[in-house]
């Protein structure tokens, strides 16, 4: 089945006020405080939470001319791994836009991050083919995935003793420009993408091993809308929009075939996370309507049969919010405003999914 394109254009051609961000750009450190990371003006800026849930910033943490994209992931140690896309000088005279991926780490909330270092690209002198996905396994190894020149997926994974393996071609074709990566309850990394033939999952059979592509599963998918959550069972569940604008769910580890869940409120990307509501493990899903207002839906984790019901919240924003949880399992949200600012809210200690007023950082 041919997918309806929904991925954003080359980030080099995007608005500097509307970056695309994947993963944990709202990140909780080991001490429980949050950091917010946003690409701005070729660098990454960071806000840091202090006492009383008040944030300070923005502080510039470098990047050296990044395109307006950022992928962020954390492992069990709560270290924050940042992956950006940076143009290179190669091909500049010919008017081509060649890029490399760069990596940095924040070890402690509010402390300086390490220097941004290039990890190259899956193709020599590569132009932009897609935005990377990143995940950190149970041993703290970073896994980076990106669409390659052939339309398949390539991966680069950190070694046990430091450094990186070479780029591995995981094969595939006509892949989504915005794949998503997740970590199972066993600490293994899985990658999810869509193709012109439907949905595809790449799985690891051993820690740190080269992921293996499974056969595509026929489905109608709006590319660029995927998000994934690891549930209480330890299996990953993928959420996405189909060609009819419906939110659909797919969890091959649980034997759940692609299934419509609810009509989406818009056509753009989804985000999702697990959280606690009234003491129950739940899944929280977010999407923006055509005016930019966030709508949220929640249901008991891995109980898609309960349905998804939307409730709008907050001011108009640019894209779905980053979703995270605090130490008590309560949801925390951050989103970009049309003027380039950041607003945050968090779940209140009340019955149901009640949020505090959105606050501008």
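Just so you know, all these numbers are worked out from the coordinates, no wet-lab data involved. Note that this is a predicted model, so its numbers are computed, not measured. Cβ sites come from the backbone with ideal geometry, for glycine too, and all protein chains shown count toward neighbours.
Which of the peptides 306-312, 154-160 is most tightly packed, and how do the rest follow, going by the mean number of other Cβ atoms within 10 Å of each residue?
Details: 306-312: 13.6, 154-160: 18.6.
Most protected by this proxy first, the peptides run 154-160, 306-312.
Cα centroid distance between the range 97-176 and the range 236-270, in Å?
Each part's Cα centre sits 26 Å from the other's.
Counting only C-alpha contacts under 8 Å and six or more residues apart, can you give the relative contact order of the range 260-301 as a whole percent? Intermediate values should be presented prior to the final figure.
Working: 66 pairs, mean separation 14.8, N = 42.
Computed value for the range 260-301: 35 percent relative contact order.
Rounded if a/c is under 1.5, else prolate if a/b is larger than b/c, else oblate: which is the range 246-304, with a ≥ b ≥ c the root eigenvalues of its Cα gyration tensor? Provide the component values of the computation, followed by the final result.
Values: a/c = 2.61, a/b = 1.24, b/c = 2.10.
It is oblate, given that a/c is not under 1.5 and a/b is not larger than b/c.
Suppose we keep just the DSSP beta bridges with both residues in the chain; what percent of those would be antiparallel, to 5?
Working: 97 of 102 bridges.
Looking only at bridges with both residues in the chain, the antiparallel portion is about 95 percent.
Hey, can you rank 334-344, 200-210 by average C-beta count inside 10 Å, highest first? Could the numbers behind the result be given before it?
On the way: 334-344: 19.1, 200-210: 16.3.
So the order, starting with the most tightly packed, is 334-344, 200-210.
Can you give the relative contact order of the chain as a percent, counting alpha carbon pairs under 8 Å and 6+ residues apart?
Working: 979 pairs, mean separation 40.2, N = 361.
Relative contact order, the chain: 11 percent.
Taking springs between alpha-carbon atoms closer than 10 angstrom, which of 323, 199, 256 fluctuates most in the Gaussian network model of the chain?
The residue with the greatest mean-square fluctuation here is 256.
Please sort 282-294, 174-186 by packing, taking for each peptide the average over its residues of neighbouring beta carbons within 10 angstrom, highest first.
Values: 282-294: 20.4, 174-186: 21.9.
Result, highest mean first: 174-186, 282-294.
Kindly provide the pair-distance distribution of the range 34-167 built from C-alpha pairs, with 10 Å bins from 0 and whole-percent values in order of increasing distance.
For the range 34-167, the binned pair fractions read 12, 41, 33, 12, 2, 0 percent.
Contact order normalised by length for the range 18-78, with contacts defined as Cα pairs under 8 Å and 6 or more residues apart; what percent is it? Walk me through the intermediate numbers first.
On the way: 114 pairs, mean separation 23.8, N = 61.
Here the relative contact order equals 39 percent.
Taking the Cα centre of each part, how many Å lie between the range 201-230 and the range 17-73?
The range 201-230 and the range 17-73 have Cα centres separated by 27 Å.
So, how do all the Cα-to-Cα distances of the chain break down into 20 Å bins, in percent, from 0 on up?
32, 63, 6, 0
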